[in-house]
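S.K.: Before anything else, here's the structure in question.
Bear in mind that the values in this text are calculations on the coordinates, not laboratory data. None of the values given here were measured: they were computed from a predicted structure. Glycine gets a Cβ as well: all are built from the backbone with ideal geometry, and neighbour counts include every protein chain shown.
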Amino acid sequence: MSTALLIIDIQNDYFPGGTMELVGSAIAGDQARKLIEAFRNKALPVIHVQHVSTYPGATFFLPDTKGVEIHPCVSPREGEAIFQKHFPNSFRDTALLEHLRTNKIKRLIVAGMMTHMCIDTTVRAAADLGFACSLAHDACATKSLSFGGTAVPAASVQTAFLAALNGLFAKVQSVDELCAAL
């Protein structure tokens, strides 16, 4: 089964000093880099997804800003595919699905940001499209949320979304477990 690594939205705005800093982004970025190195060492495909905000009122990932750039910890190498998207789902209005099918990719290992938004949406879409997915829980980051006056800390958001994805949509594992299985 042909496997690819899908790195989603690990971009400057999510890191300290960025416009939408996430909890644990630096640690998650370092873990994603470990996955990338393992894939490169095995000559397996690495695919990068970059979110560019184009809707009115967007406050981060704005075109032509430093914040929209892919973070240096996961810089693409020449020859690695890069897809730009404008929605949380990495498949929506992009050529990602065509690229995966053309290259006979059947399994995706996913890492990236934000767990509760683009990671959740993309992993669910990938599973619906028939891909076997694994999600690197320690190479993802999110933020605190609130609903109905209740604050939900980032750690709880992360745990809830990983728990919801684990099983039906993806096998949620650590970077070390995923690298050992390559």
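S.K.: When DSSP beta bridges are limited to those with both residues in region 2-181, what percentage is antiparallel, rounded to the nearest 5?
M.R.: Counting DSSP beta bridges with both partners in region 2-181, the antiparallel share is about 15 percent.
S.K.: Which cross-chain or sequence-distant (5 or more) residues have an amide H under 5 Å from the amide H of A81, H modelled 1.01 Å from N in plane?
M.R.: Amide H to amide H, under 5 Å and 5 or more residues apart or across chains, A81 pairs with V46, H48.
S.K.: Could you point to the residue in M114, A127, T54 farthest towards the positive end of the chain's charge dipole, with +1 and -1 charges on the Cβ of Lys/Arg and Asp/Glu respectively?
M.R.: Of the options given, the answer is A127.
S.K.: Can you work out D for region 99-175 in µm² s⁻¹ from Stokes-Einstein, where Rh is the Kirkwood radius over C-alpha pairs, the temperature is 20 °C and the viscosity is 1.002 mPa s?
M.R.: After rounding, the answer is 166 µm²/s.
S.K.: Then there is this: Compare the peptides 114-122, 56-64, 170-178 by average per-residue count of other Cβ atoms within 10 angstrom and give them in order, highest first.
M.R.: 114-122, 170-178, 56-64
S.K.: Tally Lys and Arg at +1 and Asp and Glu at -1 over the other residues with C-beta under 12 Å from the C-beta of M113: what net charge comes out?
M.R.: -3
S.K.: Among L100, L6, rank each residue by its count of other Cβ atoms within 10 Å, from fewest to most, as a rough exposure measure.
M.R.: L100, L6
S.K.: Once the principal axes of the Cα atoms of region 96-140 are found, what is the range along each, listed largest first in whole angstroms?
M.R.: 28, 16, 14
S.K.: Related question: Please get the size of the charge dipole for region 2-181, origin at its Cα centre, with Cβ charges of +1 on Lys and Arg and -1 on Asp and Glu, quoted in debye to the nearest 20.
M.R.: Value, rounded to 20: 460 debye.
S.K.: Something else: Using a 10 Å cut-off around each Cβ, can you sort D30, D138, D93 from fewest to most neighbouring Cβ atoms?
M.R.: Taking fewest neighbouring Cβ atoms as first place, the list is D93, D30, D138.
S.K.: Just to be sure I understand the curve: with the Debye formula and one point per C-alpha of region 12-170, what is log10 I(q)/I(0) at q = 0.09, 0.13, 0.14, 0.20 Å⁻¹?
M.R.: Taking Cα atoms of region 12-170 as identical point scatterers yields -0.28, -0.61, -0.71, -1.54.
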